[in-house]
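Single-structure report; data block below.
The values are calculated or read from the model by the stated rules, or taken from the named source; none is laboratory data. Just so it is clear, the model here is predicted, and its values are computed rather than measured. Ideal geometry is used to build each Cβ from the backbone, glycine not excepted, and the neighbour counts take in all protein chains shown.
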């Protein structure tokens, strides 16, 4: 290595204590040793090769080449090895059993975004790169979901993909029919979101795929990834399905006695995606608190049931940069999930106006707002507040719902503001639309509304909450201030990370590209971390992974 005329780029920490045997040495081509920023970065990025940090007198350098040996004598041409990091590629991250289960080389997936925002086009683009994606079936008609199933299965006959099932306690019939659709078309993996309790339909899906394999072990044909954020809910999904539900399914002829018996020996879900501060439904939990707690719970439940394959615990919410992904894996997550950042990609099923708003978002440009699907329960979703007044207007609706017993009780001036500023239609016309819709889809909703004025008010308010997300997806002109755009702070973190790179431009954001950079960057960050843990100090510029077009 040639002497540097300036301050050494890498330094040995004052607290450095070698973790390696003192007589380890390196021998190889001297021209492979990098001492400059670009050269060192290149060596770290070559994730398929080990990383060697060498010392020659007072000089430090990095290489991926050469051989490590145990003998070193003065003048023999060998250099002292003071730190190293093994090869660490994107395929080596996380739990390999996740990869085997879902037929992907990567222990991560792109989570669902309802109303088809995580679209057929997105799943196919991801799947062709071997990346697992979840179709956003929530809020869509059965006909639309079925069309998506056929398109995705045709394009990806061998996967990987999963389809989402969004909990809608106000529409149990829709859940039932969606599960029946998944069973009919052989969808063997689903992502169950926003569930508070196991339902009969989820248990039906799980148990209907159980059988005994040739080796006598239980064969799980239908996989469930449960996305949740609370320990008490995680316990229910890590445990076998409730016995009373299994009994009812046997009596109704939906599953066999054998399937019910097998279901008592496996968890309801194969994987628990711990959803922290995410877009859409969220409890805004900090990942660093909830992941260790759910992992400890998993270990407790595994000790009790002794499953052949322990339930895996993954991390979602706030993951929009390589650093966030690396942090999730360092916490012990078996896999990680990206969400909000995928909505900003050109393949997402939303409008260009939304793409542009998301590309400008900062971490503080989010707010909580009432959820349309669980409005009466007070459940909230995290949305973008930049360029839209949805969060404020939706909160006003919930305040009116909480304060008054019926639409007729709302003061005339408040009602006029609703009709002119928010709804842009009179309430009677909106009720007629609701009546027509639910008369075709769920008559029980109409029956409840006719017998309880507060239920009628909820349906009218949910009309706005439901359409607001559809307006943003279609780019409805004149409704920009009402767009409901699910989003987490991860979007702002992503924008900060890609600033000044080709991914800053919204039209360059392709879903497979950005997720491959998250993966590559995660491996890069972990390699840097391994070197620093051995007492080697790197400059700040080398601690950041920057996306470039050359990634394969």
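Residue-by-condition table, conditions (1) in a helix (DSSP H, G or I); (2) assigned by TED's automatic domain parsing to the domain that holds residue 430; (3) under 30 Å from residue 400 (Cα atoms); (4) modelled with pLDDT of 95 or more:
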position: 473; (1), (2), (3), (4): yes, yes, yes, yes
position: 491; (1), (2), (3), (4): yes, no, no, yes
position: 521; (1), (2), (3), (4): yes, no, no, yes
position: 532; (1), (2), (3), (4): yes, no, no, no
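Could you check, for segment 519-534, whether at least one of its residues is within 22 Å of residue 346 (Cβ to Cβ) and crowded, with 23+ Cβ neighbours inside 10 Å?
Within segment 519-534, the subset within 22 Å of residue 346 (Cβ to Cβ) is 519-521.
Next, from what is left, pick out any that are crowded, with 23+ Cβ neighbours inside 10 Å: 519, 521.
The answer is yes, given that some residue of segment 519-534 is within 22 Å of residue 346 (Cβ to Cβ) and crowded, with 23+ Cβ neighbours inside 10 Å.
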Open item on the list: Just to be sure I understand, how many residues within segment 198-217 are surrounded by 15 or more Cβ atoms within 10 Å (Cβ to Cβ) and touching a residue at least 24 places away in the same chain (Cβ under 8 Å)?
Closed with: 12
TODO: Kindly check whether there is at least one residue in segment 225-242 that is modelled with pLDDT of 95 or more, surrounded by fewer than 21 Cβ atoms within 10 Å (Cβ to Cβ), over 30 Å from residue 288 (Cα atoms) and in the same structural domain as residue 280 (by TED's automatic domain parsing).
DONE: yes
Task: Positions within segment 16-38 being surrounded by fewer than 16 Cβ atoms within 10 Å (Cβ to Cβ), at pLDDT 80 or above and within 21 Å of residue 527 (Cα to Cα), in sequence order - done: 32, 36, 37, 38
Open item on the list: Can you tell me how many residues within segment 164-195 are assigned to a loop (DSSP other than H, G, I, E, B) and modelled with pLDDT of 95 or more?
Closed with: 4
Task: Residue that is surrounded by the fewest Cβ atoms within 10 Å (Cβ to Cβ), among those in segment 436-457 that are touching a helix residue (DSSP H, G or I) at 6+ places or on another chain (Cβ under 6 Å) and more than 22 Å from residue 176 (Cβ to Cβ) - done: 456
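Just the residues that are in contact with a strand residue (DSSP E or B) (Cβ under 7 Å, 6 or more places away or on another chain) and either surrounded by fewer than 24 Cβ atoms within 10 Å (Cβ to Cβ) or under 26 Å from residue 333 (Cβ atoms) (or both), please, taken from segment 246-275.
Narrowing segment 246-275 to residues in contact with a strand residue (DSSP E or B) (Cβ under 7 Å, 6 or more places away or on another chain): 259, 262-263, 265-266, 268-275.
Within segment 246-275, 259, 262, 265, 266, 268, 269, 270, 271, 272, 273, 274, 275 meet the criteria.
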TODO: Please name all residue pairs, on different chains or six or more residues apart, with Cβ atoms under 6 Å, provided the first residue is in segment 286-310 and is free of Cβ contacts under 8 Å to residues at least 40 places away in the same chain and the second residue is surrounded by fewer than 19 Cβ atoms within 10 Å (Cβ to Cβ) and in a helix (DSSP H, G or I).
DONE: 310/302
Open item on the list: Residues that are under 17 Å from residue 113 (Cβ atoms) and touching a helix residue (DSSP H, G or I) at 6+ places or on another chain (Cβ under 7 Å), at least 1 per element: which helices (runs of 4 or more DSSP H) completely within segment 274-348 meet that?
Closed with: 340-343
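Scan segment 440-455 for residues that are within 35 Å of the chain's Cα centre (by Cα) and either without any contact (Cβ under 8 Å) to a residue 24 or more places away in the chain or assigned to a helix (DSSP H, G or I) (or both) and jot them down.
440, 441, 443, 444, 445, 455, listed by residue number.
Just one of 368, 363 is surrounded by fewer than 24 Cβ atoms within 10 Å (Cβ to Cβ), assigned to a strand (DSSP E or B) and modelled with pLDDT of 95 or more; which is it?
Working: 363 fails: assigned to a strand (DSSP E or B).
The conditions single out 368.
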Open item on the list: Among the residues of segment 493-515, what is the count of those that are surrounded by fewer than 19 Cβ atoms within 10 Å (Cβ to Cβ), in contact (Cβ under 8 Å) with a residue 40 or more places away in the chain and not in a loop (DSSP other than H, G, I, E, B)?
Closed with: 5
Open item on the list: Conditions first: (1) assigned by TED's automatic domain parsing to the domain that holds residue 534; (2) within 38 Å of the chain's Cα centre (by Cα); (3) without any contact (Cβ under 8 Å) to a residue 60 or more places away in the chain; (4) buried (at least 22 other Cβ atoms within 10 Å of the Cβ). Residue 54 passes all but one, so which condition is the exception?
Closed with: (2)
Open item on the list: Of everything in segment 214-230, what is under 18 Å from the mean Cα position of the chain (by Cα) and outside any loop (DSSP other than H, G, I, E, B)? Give them in sequence order.
Closed with: 223, 224, 225, 226, 227, 228
- [ ] Kindly list the number of the only condition in (1) closer than 28 Å to residue 377 by Cα; (2) assigned to a loop (DSSP other than H, G, I, E, B); (3) over 22 Å from the mean Cα position of the chain (by Cα) that fails for residue 144.
- [x] (2)
- [ ] Please give the number of the condition residue 198 fails out of (1) under 28 Å from residue 285 (Cα atoms); (2) in a helix (DSSP H, G or I).
- [x] (2)
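Is it the case that segment 475-482 has a residue that's crowded, with 20+ Cβ neighbours inside 10 Å and over 18 Å from residue 171 (Cβ atoms)?
Going residue by residue through segment 475-482, those that are crowded, with 20+ Cβ neighbours inside 10 Å are 482.
Filter again for over 18 Å from residue 171 (Cβ atoms), leaving 482.
Yes, that holds for at least one residue.
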Open item on the list: Among the residues that make up segment 124-137, is at least one of them in contact with a strand residue (DSSP E or B) (Cβ under 8 Å, 6 or more places away or on another chain), in a helix (DSSP H, G or I) and crowded, with 23+ Cβ neighbours inside 10 Å?
Closed with: yes
TODO: Return yes when residue 481 is part of a helix (DSSP H, G or I) and more than 22 Å from the chain's Cα centre (by Cα) and no when it is not.
DONE: yes
TODO: Taking residue 314 as the residue in question, decide whether it is surrounded by fewer than 17 Cβ atoms within 10 Å (Cβ to Cβ) and either in contact with a strand residue (DSSP E or B) (Cβ under 6 Å, 6 or more places away or on another chain) or modelled with pLDDT of 95 or more (or both).
DONE: no
